[in-house]
Amino acid sequence: SMFSFEDFLSSLQIKGRVGNYKRAVKRFDDGHRLCNDLMSCLQERAKIEKAYGDQLTAWSKRWRQLIEKGPQYGSVERAWLAVMTEADRVSELHQEVKNNLVNEDVEKVKNWQKEAYHKQMIGGFKEAKEAEEGFKKAQKPWAKKLKEMEAAKKTYHMACKEEKLAATREANGKTEASVTPDQQKKLHEKVDKCKQDTQKAKEKYEKSLEELSKCTPQYMECMEQVFDQCQQHEVKRLTFLKEALLDIKRHLNLTENQSYATIYRELERTILAANTQEDLKWFSNNHGPGMHMNWPTFEEYNPDQASAPPKKKKPDGAPPTPSTDHVAPPGDRSSVSSYEKNQAYSTEWSDDEQPAAYSGNENGGNGNSFEDDSSTGRGVRVRALYDYEGQEQDELSFKAGDELTKTEDEDEQGWCRGRLDNGREGLYPANYVEPI
């Protein structure tokens with residue numbers, strides 16, 4: 001039977017120098033598989049980059065709405081919103097990282113793999129088959145000599161055994177009376193013949209060993225040539241991998257990206273531009289002593305005014321109302337603001353907005369205090385049953401199916417106060433909506 005290459009190497013004591021050719025051949029399969037592993041690795045990272053980008057965008061969108069609807073105002077509000085802009089722009093950069101990984105890096109590995117490894121119809125790779133055939137061809141003449149040497153060794157050892165056996169028989173024959181001189185002579189001749197056979201076998205064994213040693217250097221040289229060819233293919237693979245990893249690093253390293261630095265320069269500029277004095281002045285002019293006041297003035301008696309204000313008719317085309325048959329509210333609705341009704345303290349500077357329901361400790365500081373007014377018992381979501389076109393400045397307009405937030409219950413004339421999702425507040429007929 002043919003000896004395995006491992007046996008050849010151990011019999012030659014050169015295992016360390018040539019290495020194990022089976023491993024050298026297997027390295028082609030490993031190299032191909034490692035390309036697949038690298039591609040999977042990059043695909044996974046790309047998914048992480050995309051997910052992070054998506055999360056940033058969603059977070060930014062949600063908080064932008066909350067900040068815009070919330071009580072923060074002025075340049076500090078702009079600075080806070082700038083953090084959301086940062087998130088949107090960083091998200092774009094992470095989507096770009098994802099695109100580079102998938103469209104450039106993975107593609108590059110895939111194309112290199114295609115060029116470096118050629119699959120055969122019968123399975124395996126052409127490169128691996130060529131290497132294996134090269135090793136087998138290099139070892140063939142030496143293997144033949146090895147086989148001859150092993151046979152000669154076996155013959156010599158058998159002859160030695162026979163000779164020892166014959167000598168023992170001869171020695172025993174001399175001490176036994178039953179053995180005739182003629183038989184003794186024959187035993188002696190047998191020993192002589194065994195000695196000659198042993199000598200011949202020994203010479204043959206030594207000669208075959210010498211021949212094997214003669215072709216060993218060439219055998220080693222041929223094996224090393226094939227091994228070097230395998231190494232050359234591996235040099236290409238390792239060099240390619242190093243280049244590919246440098247590309248990947250460049251794509252991942254956002255600090256090398258000019259626009260990344262710009263994002264934070266602009267964010268800092270916006271935050272530093274926040275002007276406390278200007279914000280305070282704006283607030284004072286709009287909601288403080290600086291605002292325009294309608295001080296009471298002397299009014300002459302007017303008989304028309306004395307009567308109750310005319311009831312506001314229900315809007316044209318109003319839907320049939322429930323049995324209570326709501327009527328529209330009076331023309332002047334500002335006499336008592338809901339704010340005053342609900343609050344014990346004076347509201348001289350109130351602009352009739354809803355009282356702030358946003359202090360963080362009202363709901364234990366958990367979650368977002370002004371994400372949903374209903375968390376503080378104010379605001380109910382409703383859906384419009386019909387289209388409504390606001391007739392006056394303080395009325396809302398909406399289409400059937402729109403959703404809005406009812407911020408104040410129906411008054412005795414059948415009007416509710418509410419807020420559209422765009423932040424606009426106003427009145428609307430209660431019977432035009434239903435709770436969600």
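The values are calculated or read from the model by the stated rules, or taken from the named source; none is laboratory data. Fair warning: this is a prediction, and the values are worked out from it, not measured in the lab. Positions of Cβ are generated from backbone atoms using ideal geometry, with glycine treated the same way; all protein chains shown enter the neighbour counts. For the accessible areas, the whole protein counts, side chains as well, though only heavy atoms, and no ligand, DNA or RNA atoms are used. Shrake-Rupley method; radii C 1.70, N 1.55, O 1.52, S 1.80 Å.
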By accessible area of protein heavy atoms, probe 1.4 Å, what ranking do 398, 227 get, highest first?
227, 398
Using only Cα positions of the range 380-435, each an equal point scatterer, no hydration layer, compute I(q)/I(0) via Debye at q = 0.12 Å⁻¹ and quote the log10 values to two decimals.
-0.20
Antiparallel %, DSSP beta bridges [both residues in the range 380-435], to 5
95
Round to a whole number: what % of the accessible area of the range 137-229 belongs to carbon and sulfur, probe 1.4 Å?
53
With the contact rule set at Cα under 8 Å and sequence spacing of 6 or more, what percent relative contact order holds for the range 88-212?
27
Taking the range 159-231, which trypsin sites (Lys or Arg not before Pro) meet the DSSP loop condition and have no more than 11 other C-beta atoms within 10 Å?
none
Counting only heavy atoms of the protein chains, get the accessible area per residue of the range 162-276 (1.4 Å probe) and round it to a whole Å² value.
72
Quick check: at a probe of 1.4 Å, how many percent of the accessible area of the range 380-435 sits on carbon and sulfur atoms?
41
GluC sites (Glu not before Pro) within the range 153-224, DSSP loop, no more than 16 other Cβ atoms inside 10 Å
176
